[in-house]
Amino acid sequence: MQEQSLYYIAVVPPENEANQVKSIKEELKCRYGIQHALKSPAHITLQMPFRRSSTDENLMINTLKAFAAKRLSFNVSLNGFNHFSNRVIFISVEDHQPLITLHNVLKNTLIASLSFTEKETSGPFHPHVTIAHRDLTPEVFNAIWTTYKAKDFAITFRIDSLCLLKHNGKNWDIFKSFPFKSDIKSYF
């Protein structure tokens, strides 16, 4: 059997905004000893982790490149913090609709072009940027949430590409980025 690698698909904020999110994750590491969220760059997941043979990479790359080339860039606004039970703390996305639309079209493409199963693409989709999970105990959650539930954090940025991330055995790396169709209007 061929070796399979672990991937996921996401949109990633531009460097400046991604660094702002990373600094929050680093603060949580210093203050509370949690660091699992630092294994991924700041992102909004569109397709949860999945396994594929590295021999499938070219097909994935070509499919995602063609998919992204048909999409227009859009703004995403992050505002405030929220959580899923006491296991995940995240930065909230204000308007989910552009991401839900992108997710649904991507899901159909993955099923039709890359033989993803319904099980691989199913599950609830709630756009967010995770800052703490996996190594977040209920006690640490309470300490963090007491501070972060009232903290202000608001940024807006342009999403102009889709990313395929690949696990390197320790962390997630951006393996390939796929630019969206240019939506710059010509004034000439």
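The values are calculated or read from the model by the stated rules, or taken from the named source; none is laboratory data. Everything numeric in this text was worked out from a predicted model, so none of it was measured. No Cβ is skipped: glycine too gets one built from the backbone with ideal geometry, and neighbour counts run over all protein chains shown. Surface accessibility is based on the protein's heavy atoms, side chains included, excluding ligands, DNA and RNA. Shrake-Rupley method; radii C 1.70, N 1.55, O 1.52, S 1.80 Å.
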Exercise for the section: Report, to the nearest whole %, how much of the accessible area of the chain belongs to carbon and sulfur atoms, 1.4 Å probe, protein only. Expected result: 50 percent
Completion exercise
Between the alpha carbon centres of region 6-56 and region 153-172 the gap in Å comes to 6 Å
Handout entry: Area projected by the alpha carbon convex hull of the chain, averaged over all directions, nm²
Key = 12.3 nm²
Problem - Vicinal HN-Hα couplings computed from phi for region 87-98 (Karplus, 6.51 cos²θ - 1.76 cosθ + 1.60; Hz; Gly/Pro x) - result: 10, 9, 10, 9, 8, 7, 8, 6, 10, 6, 4, x
Handout entry: Under Karplus coefficients 6.51, -1.76 and 1.60, residue-wise ³J(HN,Hα) of region 143-157 in Hz, glycine/proline x
Key = 5, 5, 5, 4, 7, 7, 4, 9, 6, 8, 7, 8, 9, 10, 8
Practice task
Quickly rank 114-125, 10-21, 138-149, 35-46 as a protection proxy: mean count of other C-beta atoms within 10 Å, highest first.
Solution key: 35-46, 10-21, 138-149, 114-125
Problem - For region 4-179: accessible area per residue (Å², 1.4 Å) - result: 51 Å²
Problem - Across Lys70/Lys166; Lys65/Lys149; Lys70/Lys151; Lys22/Lys107; Lys29/Lys107, pairs whose alpha-carbon gap is larger than 31 Å - result: Lys65/Lys149; Lys70/Lys151; Lys29/Lys107
Exercise for the section: Please give the calculated 222 nm ellipticity per residue for the chain, where each DSSP H segment of at least 4 residues contributes -39500 (n - 2.57) and the sum is spread over every residue; nearest 500 deg cm²/dmol? Expected result: -10500 deg cm²/dmol
Practice task
Output the relative contact order of the chain, whole-number percent, from Cα pairs under 8 angstrom with separation of 6+ residues.
Solution key: 35 percent
Completion exercise
Going residue by residue through region 60-68, the Karplus relation 6.51 cos²θ - 1.76 cosθ + 1.60 with θ = phi - 60° gives ³J(HN,Hα) values, rounded to whole Hz and with x marking Gly or Pro, of 4, 4, 5, 5, 5, 4, 5, 4, 5
